[in-house]
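All remarks here apply to the structure that follows.
The values are calculated or read from the model by the stated rules, or taken from the named source; none is laboratory data. Since the model is a prediction, treat every value here as computed from it, not as a measurement. Here the Cβ is made from the backbone with ideal geometry for all residues, glycine too, and neighbour counts use every protein chain on show. In case anyone asks, the SASA skips ligands and DNA or RNA and just uses the protein heavy atoms, side chains included. Shrake-Rupley method; radii C 1.70, N 1.55, O 1.52, S 1.80 Å.
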Amino acid sequence: MNIYRDLDVDPIINACGAVTRLGGAPMPGTVLDAFCEAAHGWVPLDQLQAAASRKIAAATGTEAGLVTSGSAGASTLGTAAILAGHDLGRMERLPQCAGFPHEIIIAREQRSGYDHAIRATGAKLVEVGFNEIVSNAGARRTETWEYEAAVTGETAGIAYVYSETSQPSLESVIAMAHRRKLPVLVDAAGELPPKKNLAAIAGLGADLVTFSGGKAIRGPQSTGILCGRRELISSAALQMLDMDDHFELWDPPPDLIDRSQLVGHPRHGIGRSLKVSKEEIIALLTALAKFSSDGYAEEREQAYSMLQTIQNILSEAPVECRLIDFPDQERWPLLEVTLSPALAPHALDMCRSLRDGKPPIYVDHTRVQEGIMGINPLCLDATQAETLGSRFLEELHTLKS
Ligand SMILES: *Cc1c(COP(=O)(O)O)cnc(C)c1O
């Protein structure tokens, strides 16, 4: 790993999985090979995105798709498409939205730092519902009527963050939105696996769906997918692609960009700063094909045995290990380590010293306040799993003494 050491950056043991701040998911060899091969040729990016669109459409059961700069980039582009459509003036003005509908309705409980990607277009988020359960002041979640009650002439669309437990159901939100002729943009960045979600979410009628390319799909960390209705994807593509051409010469593939809808040649849109390279597009498509055909099944077994190794090393330690496997056998197993009640208040210190050691070890700290640390095997190899286990044990001894 000298390429990093030469820069005085220490490679770490990443037990957090495909998180962006630690470098994302491991790309398989075939994906890396495809990336390198793509570097040896030049193609018009609109033609390449049109080819990608066909592949993504086939994998997701949608009309069209785009390779984007992450799921966050897809959210920005999807929102830009909803706001501007094929109106060149609006495309040019974003993120200035005065004079046209630019409110996006979202459930208060679905707000997160990621919706900055929606707001970056100039869209104004209008929150509905409450966070009653979290605030310990009620029992109900957001309801569909609350979205509808917020619809005004300024409403441009609905944003929905999908998960297995999202409320109200996506179906009911879509039914209401379509009754009011509003598009629904769904953030499903991390909702793979299960593989079936690739098509199932759009299958519910969502107009646009976003996925991360650098999580379970294991394409380049910087990639994502926007898929859905052709018209919207066309607008998104126009606002992302480099537009430095002459209208008379420009000949975009009609299944990606409907030139007949344009009164002239757009300038660079708001998504021009979210560009992806030819290599990234090819690598993402290669990873998507592998993910779709269950190319990662074998590694899932190895992941399980790495977690067992760690569990064995910790068998005598003052912790409780829970190896979580998923019945659908698609999601990767996880190891949850709960410190004994005496040690639990020091869990943050333990995370800190794991990070400060050599090599630095990053465990999942999502539930550290409860004395729980997670170990995600996605980015581990067998040697690292053993190192992690024994370092964990050492740190526990230090903590006890
Ligand atoms: C990971 C994630 C994102 C961002 O995805 P990128 O591909 O890193 O841009 C957005 N929304 C949610 C819910 C996520 O989990």
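Of all residues in segment 194-220, those satisfying the criterion of being within 14 Å of the ligand (Cβ to nearest atom) and either open to solvent by 20 Å² or more (accessible area, probe 1.4 Å) or under 22 Å from SER112 (Cα atoms) (or both) are ASN197, ILE201, LEU208, VAL209, THR210, PHE211, SER212, GLY213, GLY214, LYS215, ALA216. For the criterion of being within 16 Å of the ligand (Cβ to nearest atom), in contact (Cβ under 8 Å) with a residue 40 or more places away in the chain and not aromatic (Phe, Trp, Tyr), ALA107 passes. Screening segment 254-269 for residues that are of a type outside the set (Gly, Ala, Ser), touching a residue at least 40 places away in the same chain (Cβ under 8 Å) and under 29 Å from HIS40 (Cα atoms) and picking the one that is surrounded by the fewest Cβ atoms within 10 Å (Cβ to Cβ) gives ARG267. Residues of segment 53-92 that are open to solvent by less than 10 Å² (accessible area, probe 1.4 Å), aliphatic (A, V, I, L, M) and within 16 Å of the ligand (Cβ to nearest atom): ILE56, LEU66, VAL67, ALA74, LEU77, ALA80. No other residue among ALA237, ALA177, ALA156, ALA206 is part of a helix (DSSP H, G or I) and either of a type in the set (Ser, Thr, Tyr) or in contact (Cβ under 8 Å) with a residue 40 or more places away in the chain (or both) apart from ALA237. When SER273 is tested against the conditions (1) part of a loop (DSSP other than H, G, I, E, B); (2) open to solvent by 40 Å² or more (accessible area, probe 1.4 Å); (3) in the same structural domain as GLN239 (by TED's automatic domain parsing), the lone failure is (1).
Note on segment 298-335: residues that are outside any loop (DSSP other than H, G, I, E, B) and either among the basic types (Lys, Arg) or open to solvent by less than 30 Å² (accessible area, probe 1.4 Å) (or both) amount to 8. In segment 1-107, counting only strands (runs of 3 or more DSSP E) that sit wholly within it, the ones holding 3 or more residues that are touching an Asp or Glu at 6+ places or on another chain (Cβ under 8 Å) span 103-107.
Residues that are in contact with a Phe, Trp or Tyr (Cβ under 8 Å, 6 or more places away or on another chain) and either outside the structural domain of LEU226 (by TED's automatic domain parsing) or among the acidic types (Asp, Glu) (or both) occur at least once in segment 109-119.
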